[in-house]
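Since the structure comes first, as structure tokens, the remarks are kept for the end.
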Amino acid sequence: MVMASAALGADETFAPYESTEDVPQRAEELWEAYDPREEALEVKIVKEWKENGVVTRYITFKVGTFKGSDARIAAYYSFPDNGGRNPAFVWSHGGGQRAERGRGVYFAKQGFATVDINWLGRPMEDDIKINTDWGKVDPTQGPRFYKKALRDGWKRDLQPDEHTIDPVPSPRNANWFLLAVAARRAITFLEQQPEVDPDRLGFSGFSMGGMVTALTATDSRLKAVAPFVGGTGFKYVDFPGGIRGSSIRTHFQDLDLYRKTIDASAYWPSVRCPVMFISSSNDFHATFERIYRSMALLQHDDWRVSANIHRNHGPDPEQWVMLNLWFDRYLKGVDPDIPVTPPSSFEVEGKTARFVVTPAQRDRLVGVEVYYSYDPNSRTRFWNRADAIEAAGKYRVDLPVHENLPLYVFALCRYRLPGKVTLERGETTTFTLNSLEHVHLPDAVDLSALADVPKTRTVFEDFEHGLQDWASRDQCSIQTYKFQSPELDTSNDKKLVLTVDPKGRKLLLRLRTGSDFLGKEGKFGSFTFTKPVDGKASRNVVVERKDFRGEDGETLEWANIVTFDVALIDRETREPVNLTSEHGRGILQRIELVD
């Protein structure tokens, strides 16, 4: 195998592989000869800010030399102005995003130095034109974000083209490899700074940055990592039942090489540092089962999962705070007393499954929520809340098992913090930890069997249990995946009835549906419905499928609604009604599907 660097006399960071025989076949081989400390970083400080005990610098540094041209990345470097050597971590933003100065300022006030790498090359400051310049390679997402893009979109396959490192199929031709190189160089940057303790380094990132975290977590300089909504392996494996579009396997001519060198499942077995995986129950990128399957590859037990429920790609403050707690523990050496993953057991006997969870630290425990589903599509499934029976600190749920259908079950345990924690965005007095997800997977999965699940849900929503089946991104409108519950009759002859009490206000009811990631035949796309609702008493708004406006004149099908959003807007003030508040729930009172 040939892998050269600048120290070997070549100008290039990596000498191109001349034949397929030279190409590494394992992730360990891919990185074993690369030393991210070897080339000079050639750091340039573009601008510096000092405020409120924090120093922030707009910097650029060299990633490497590729195809005869230097690649340089811009970043924010922030640190506490305390004259000491601080724990530090790298932040890698997600797709379509950019580095943010405010993030570094926030964490500097928490006692951390950070370098926030701007790998996509989007503008960071209105008055600064100097930015990321990848030279003659391009791991970005195209000209929409990176004005010097060499391709129309991002390159995840391993095939060569005129802008790749290697002229043969190679993992170094995928965008992930170059981003992981930049990430390792960012670690090198941190360990060379006088304000940083090089023995207390971590890594975190969001979405694509979560994947970068996973590909970088094998770096022995890291003491802890925290990937957000990204970083799972097994993306090449279809969901059970053959759900269309559930894997990326069709994007690769060299699937086996991708699996062994780029997929995160090739990296997690070699990660030695503690891992906090932060996500959402319906995340499209870090799908739920893949999180646990990835964590099972670790050769140690020092990991946790914290995910909010009924959300896609959007952790809440209860999950974001885990980044603070995890790095407090493993980088600062301050023990916030994070409980162990809630111990749980799962047994299937005949047509019944029993799940039991026994959360630790009961004196701090606020609540335990047990969720289950029979739907193998983790992106679109509705997580049913089970009625758990508690006795002596154990929470037990018995669930029916259906022929040819899987069963997924886990517990979300909520704990009390010692006091309110103010985050970069929002605040919280609690945090959540997930139990293991337990899965009963039959030998054969038949998606059509979902239609045979008894229709026990006769009312779509009466809000008797508040918003336990809903989520909210803006704290005003609410969203649910409930139309995907196999326990709900979603026959197309049904009508939707919403009971609304405007309480004397002139309101506008707005309904929106989405069908992303459904992976089956049907009428897809987004649909909307709006209707003025006035008066001083409760009234029923009856909505038929044909009343929804869709694309190209299509008619909505109830069963193909993945996300269902409800909003009420005051027509006079144009302000949204807060449907997450007690007052808002007094306005939106009931939702039914009726004959």
| note | Farthest towards the positive end of the dipole of the chain, among Gly426, Val348, Ala74 and with Cβ unit charges of +1 on Lys and Arg and -1 on Asp and Glu, lies the Cα of Gly426
| task | Inverting the mean 1/r over all pairs of different Cα atoms, compute the Kirkwood radius of the stretch 421-542 and quote it in Å. | result | 18.5 Å
| Of Lys50, Lys44, which has the most accessible area and how do the rest follow, probe 1.4 Å? | Lys50, Lys44
| Accessible surface of the chain [probe 1.4 Å, protein heavy atoms]: carbon and sulfur percent | 45 percent
| For the chain, accessible area per residue (1.4 Å probe, heavy atoms of protein chains only), Å² | 40 Å²
| said: On a 24 Å Cα-Cα criterion, which of the cross-link pairs Lys47/Lys147; Lys62/Lys136; Lys503/Lys546; Lys351/Lys455 come out too long? | reply: Lys503/Lys546
| request: Straight distance only, please: which lysines reach the Cα of Lys506 with their own Cα at less than 17 Å, same-chain residues fewer than 8 apart left out? | output: Lys531, Lys536
| task | Tabulate in residue order the Karplus-calculated ³J(HN,Hα) for the stretch 494-499, using 6.51 cos²θ - 1.76 cosθ + 1.60 with θ = phi - 60°, rounded to whole Hz; enter x for Gly and Pro. | result | 7, 10, 9, 10, 10, 9
| task | Considering the convex hull of the alpha carbon atoms of the stretch 244-358, report its projected area averaged over all viewing directions, in nm², one decimal. | result | 10.0 nm²
| field | HN-Hα J in Hz across the stretch 270-287 - Karplus 6.51, -1.76, 1.60, θ = phi - 60°, x for Gly and Pro | value | 9, 7, 9, 8, x, 10, 10, 9, 10, 7, 10, 4, 10, 5, 7, 9, 9, 5
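I'd like to know how the stretch 1-120 sits against the 2.2 N^0.38 Å rule of thumb: what's its Cα Rg over that expected value?
Compactness ratio reported: 1.30.
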| field | Principal axis box of the stretch 119-174, alpha-carbon based, largest edge first, Å | value | 41, 16, 15
| remark: Applying the gyration tensor rule to the Cα atoms of the stretch 43-192 (axes a ≥ b ≥ c; rounded if a/c under 1.5, else prolate if a/b exceeds b/c, else oblate), the class is prolate
| Whichever aspartates and glutamates have a C-alpha closer than 16 Å to that of Lys235, once near sequence neighbours (fewer than 8 apart) are set aside | Asp157, Asp254, Asp256, Asp263, Asp283, Glu289
| remark: Per DSSP, the loop-located GluC sites (Glu not before Pro) within the stretch 23-113 having at most 16 other beta carbons within 10 Å are Glu32, Glu38, Glu42, Glu100
| Loop sites in the stretch 353-439: GluC sites (Glu not before Pro), DSSP, at most 11 other Cβ within 10 Å | Glu403
| request: Only Cα pairs under 8 Å and at least 6 apart count here; give the relative contact order of the stretch 149-194 as a rounded whole percent. | output: 27 percent
| At most 15 other Cβ within 10 Å, DSSP loop - chymotrypsin sites (Phe, Trp or Tyr not before Pro), the stretch 214-319 | Phe284
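The values are calculated or read from the model by the stated rules, or taken from the named source; none is laboratory data. Predicted model only: the values in this text are computed from it and were never measured. Every residue, glycine among them, receives a Cβ derived from its backbone with ideal geometry; neighbour counts consider all protein chains shown. Keep in mind that these areas ignore ligands, DNA and RNA; they rest on the heavy atoms of the full protein, side chains included. Shrake-Rupley method; radii C 1.70, N 1.55, O 1.52, S 1.80 Å.
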